[in-house]
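Every read-out reported here was derived from the displayed coordinates using simple, explicitly stated rules and does not represent laboratory data. Small disclaimer: the values here were computed from a predicted structure and weren't measured. As a convention, Cβ positions derive from the backbone with ideal geometry for all residues, glycine included, and neighbour counts pool all protein chains shown.
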Amino acid sequence: MSEDETNHTESLIEWPHRSAARARRVETVFGSALIVYSALAVLAHRYAYFSWDLNFARFVQEIKLPGFETLMIWTSVPGNGLIPWALVIATGAVLILARLRIEGIICMAGAGAGALIDRLMKATIDRPRPLDSLVRVMGEFHHESFPSGHVFFFVSFFGFLFFLAYALLKKGLLQRLLFLLFAIPLVLIGLSRVYQGAHWPSDIAGAYLAGGAWLMLMIEIYRRLKLKQETL
């Protein structure tokens, strides 16, 4: 990298050093999320749905705000078919070309491995999808229901990009815009999957927990690789 490129990168990047106390708090949150997820997964394996699943799903599907249905459908598009793979590969390539090689590799490897883990959890828990006789099912959905693959992907992918915007960019308009860009799909995707009848709310809760734990692991691996790089 040339001196000009180094200066330009340093003008954008501001790596916040983590304290040992903060690392311990992260580990506590990580462990707590795994415990809660494990309990929910056991219950999801035993029960096709809970009473509050049905009540909340029907409540969400009764929302009649103008444009709401279109918003819910389009929110799920980045997680459909081959689109997430294209997004991950393209984003990873952009990061690598921007001289953020570790960031690009973790983005691609984390999202890819996360998809495999989600698929394994689905097959193990083997929970059926919501039935059209119980809620309105807007499409034909494949594989098992718990946890939601869309939510897991959004948390690991958009969550990691949100973290990079926080960790690498100095405070300013660009950072705020990226926060908004990555946070909106993270917030809406769970509602979208319930609205379309693709998942029960407990599937969404499980995916946020599992995806959040996986995201924290991605960030920890990234942090260690970054520190190792800085000491070389």
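Over the chain, calculate the relative contact order: mean separation of alpha carbon pairs under 8 Å at least 6 apart, over the residue count, as a percent.
Numbers: 263 pairs, mean separation 71.6, N = 232.
Computed value for the chain: 31 percent relative contact order.
Tell me which GluC sites (Glu not before Pro) from segment 48-157 have a DSSP coil assignment and no more than 11 other beta carbons within 10 Å of their own. Can you show the working numbers first?
Values: sites: Glu62, Glu69, Glu103, Glu140, Glu144; in loops: Glu62, Glu140, Glu144.
Those that pass, being in a loop and sparsely packed, are Glu62, Glu140.
Give me the distance between the Cα centres of segment 192-213 and segment 33-97, rounded to whole Å.
Result: 5 Å between the Cα centres.
Taking springs between alpha-carbon atoms closer than 10 angstrom, which of Leu95, Leu177, Leu191 fluctuates most in the Gaussian network model of the chain?
The residue with the greatest mean-square fluctuation here is Leu177.
Using a Gaussian network for the chain with springs between C-alpha atoms less than 10 Å apart, which of these wobbles most: Leu181, Leu65, Leu169?
Taking springs between Cα atoms under 10 Å, the residue moving most is Leu65.
Of (i) 14.1; (ii) 14.8; (iii) 11.6, which is the value of mean projected area of the Cα convex hull in nm² derived from the coordinates here?
Read-out taken from this structure: (i).
So between Val137 and Leu120, what do we pick up on full extension, going 0.36 nm a residue minus the alpha carbon distance?
Details: separation 17, 0.36 × 17 = 6.12 nm, distance 2.41 nm.
That works out to 3.7 nm of additional length.
Show the residues, 5+ positions off or on another chain, whose built amide H is closer than 5 Å to the amide H of Leu169.
Glu14
Under 19 Å from the Cα of Lys226, which lysines turn up, not counting those fewer than eight places away in the same chain?
Filter leaves Lys170.
May I ask you to list the trypsin sites (Lys or Arg not before Pro) in segment 136-221 that are in a DSSP loop and have at most 12 other Cβ atoms within 10 Å of their Cβ?
On the way: sites: Arg136, Lys170, Lys171, Arg176, Arg193; in loops: Arg136, Lys170, Lys171.
Those that pass, being in a loop and sparsely packed, are Lys170, Lys171.
Among Ile125, Ser32, Leu188, whose Cα projects farthest towards the positive end of the dipole of the chain, with charges put on the beta-carbon of Lys, Arg (+1) and Asp, Glu (-1)?
Of the options given, the answer is Ser32.
So if I place +1 on the C-beta of Lys and Arg and -1 on the C-beta of Asp and Glu, and nothing else carries charge, what would the dipole magnitude of the chain be about its Cα centre? I want it in debye, nearest 20.
On the way: 22 positive and 18 negative charges, 99 e Å.
Result for the chain is approximately 480 debye, rounded to the nearest 20.
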